[in-house]
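The values are calculated or read from the model by the stated rules, or taken from the named source; none is laboratory data. Values in this document were obtained by computation on a predicted structure and should not be read as measured data. Please note: Cβ atoms are built from the backbone with ideal geometry, for glycine as well, and neighbour counts cover all protein chains shown.
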Amino acid sequence: MRPLLILAIAASAAAADPPRWEQDFAERRAALGKELAPRHVELGKKCDLRRLHAVARTEYFRALELDPENAGAHLALGHLKVDGAWYDNPEAGARGNDLSDRGLAEALGRHRAARRVLAMEAVPRLQALAEWADAHLLEARALATWREVLQYDDMNPAARSATGWVERDGTWISAEAAAVRAAARARIEAAKAGWKVGDTTPLEEQAGWVLTKYRTDAFDFQGFLPESEMREVVKSAEAARALFLERFEVPGSRRPSLIRGVFVRNQKEHAKFLELQKGLTSLERDMYRLAPSWADPAETIFEVCVNPWPLDYPKERAVHQTVHFCLQSFAGVEELPAWLHEGMALWYSDVLTDRAYVLCCGGKDRDEFLQETPRWRRRIFSQVRDGLAPSLRDVLKADLDAMTPREALVAWSFTDWMLDGRRQELFAFLAAMQGGASQGKALREAFGVKGYDELEGVWRRWVMERY
């Protein structure tokens with residue numbers, strides 16, 4: 001019998017009784033999960049003994065992905081069983097790794113070696129299951145299983161090919177992420193730069209400056225930038241606004257008013273601009289002099305000093321600030337969570353510019369922040385896999401002044417997760433907060449989870465599949 005005929009018969013058989021194959025797959029996957037989950041719990045307990053508590057959490061979360069009812073993992077995470085269902089324990093906080101830098105490196109080395117041993121067993125079995133699903137035309141099941149292979153072997157060629165990953169500027173990204181970025185760049189190319197303004201502005205009169213000025217129906221930008229650069233800045237801001245309004249279907253009543261931006265060259269001009277802002281106190285002026293920028297959300301105006309930043313900094317700054325203003329106007333919540341404000345702005349900077357020079361949070365270790373955003377996915381993937389990512393509970397509760405760069409990246413990734421097909425849940429979250437609900441209650445109701453740990457488990461699994 002010829003190969004094509006064999007394939008045709010197999011396809012016909014699979015199509016004839018799809019529920020049978022779905023049930024068969026579910027049984028195979030459940031059996032494999034119940035075999036592998038205890039191995040991850042065992043790894044987690046060893047990590048706890050070595051004081052790798054954050055790494056242990058990753059193993060327990062992975063055990064629950066494989067077997068959602070694994071009692072060992074639930075108990076290790078401090079969950080409580082009520083009426084047959086597992087719930088977060090609000091009093092059980094997430095412990096961090098309790099080791100010196102040298103001790104951490106040594107302990108992580110031992111853990112990674114043990115996990116490689118487990119991967120040598122898990123990968124062939126998951127790969128065989130994925131191939132079985134492919135052969136029986138269970139495309140969605142096969143794709144999900146290939147993504148699980150990547151959790152153990154992120155460079156597996158068969159899994160990368162099956163999941164549609166593409167290499168872009170030396171960095172591998174998922175097909176979904178590549179498509180989003182391509183569409184965003186097309187919006188910049190199609191955006192209009194508006195018209196050049198010839199009249200002298202009040203700022204020019206007060207400061208004695210001669211500025212490049214461009215305006216559209218949505219933006220009024222002026223500054224010490226060449227005309228060609230100012231046009232690109234305006235187009236980037238227009239693209240960010242258009243993408244935001246389109247993605248969230250923002251009605252006219254909840255769109256920001258005219259956004260004004262001022263771009264100065266140095267700290268001296270920055271200080272002069274601040275002196276002209278009559279609404280600032282002396283203390284506020286002194287504080288903003290030390291910062292590279294200033295913004296007034298109520299008046300939708302921002303100012304930024306472009307030196308000594310790279311040439312593409314003004315574009316990214318305009319995108320970042322535009323999203324802040326759009327989100328505040330759309331959300332209708334007086335005090336938006338810091339993670340959402342910063343995560344959303346970073347998401348648009350990533351897809352539109354490949355850069356994130358702007359980091360509004362005030363936490364420590366700002367030098368660790370990666371400005372090249374295509375590398376973020378691999379960094380988050382590695383941190384989640386190795387148990388080094390900040391806990392989602394801590395990120396979602398952080399104030400902007402205390403949020404660290406590592407927490408900001410998790411905020412960006414959590415936003416990325418929400419924007420990947422969870423727009424209605426985000427709307428429900430914002431509506432609940434508008435109604436006065438606490439953030440924790442709003443998240444539980446909108447995303448259908450029992451607490452922060454369950455939400456973190458869902459996000460972590462998505463990261464391991466998509467990054």
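Condition test on Pro124, is it outside any helix (DSSP H, G or I) and either crowded, with 17+ Cβ neighbours inside 10 Å or not aliphatic (A, V, I, L, M) (or both)? It is false that Pro124 is outside any helix (DSSP H, G or I) and either crowded, with 17+ Cβ neighbours inside 10 Å or not aliphatic (A, V, I, L, M) (or both). Looking across segment 177-193 at every residue that is in contact with an Asp or Glu (Cβ under 8 Å, 6 or more places away or on another chain) and small (Gly, Ala, Ser), the one that is farthest from Arg466 (Cα to Cα) is identified as Ala193. Against the list (1) surrounded by fewer than 22 Cβ atoms within 10 Å (Cβ to Cβ); (2) part of a loop (DSSP other than H, G, I, E, B); (3) over 14 Å from the mean Cα position of the chain (by Cα), the condition Gly421 fails is (3). In segment 393-413, the qualifying residues are those that are acidic (Asp, Glu) and either farther than 14 Å from Gly440 by Cβ or touching a His at 6+ places or on another chain (Cβ under 8 Å) (or both), and the one that is surrounded by the most Cβ atoms within 10 Å (Cβ to Cβ) is Glu407. Take the conditions touching a residue at least 60 places away in the same chain (Cβ under 8 Å), surrounded by 16 or more Cβ atoms within 10 Å (Cβ to Cβ) and among the hydroxyl-bearing types (Ser, Thr, Tyr) and apply them to Ser329. Does it pass? Yes, satisfied.
Where residues in segment 281-314 are farther than 14 Å from Tyr357 by Cα and of a type in the set (S, T, N, Q), which of them is surrounded by the most Cβ atoms within 10 Å (Cβ to Cβ)? Checked segment 281-314; the qualifying residue surrounded by the most Cβ atoms within 10 Å (Cβ to Cβ) is Thr300. Is it the case that segment 161-171 has a residue that's out of contact with any helix residue (DSSP H, G or I) (no Cβ under 7 Å at 6 or more places or on another chain) and either under 19 Å from Pro314 (Cβ atoms) or not in a loop (DSSP other than H, G, I, E, B) (or both)? Yes: one or more hits.
From the list Ala135, Ala179, Ala175, the lone residue that is surrounded by fewer than 14 Cβ atoms within 10 Å (Cβ to Cβ), more than 22 Å from Leu64 (Cα to Cα), among the small types (Gly, Ala, Ser) and touching a residue at least 12 places away in the same chain (Cβ under 8 Å) is Ala175. Inclusion of His79 among residues that are surrounded by 15 or more Cβ atoms within 10 Å (Cβ to Cβ) and farther than 16 Å from Arg57 by Cα is not warranted. Counting only helices (runs of 4 or more DSSP H) that sit wholly inside segment 281-376, those with at least 3 residues that are outside the structural domain of Ala237 (by TED's automatic domain parsing) and touching an Asp or Glu at 6+ places or on another chain (Cβ under 9 Å) are 338-353.
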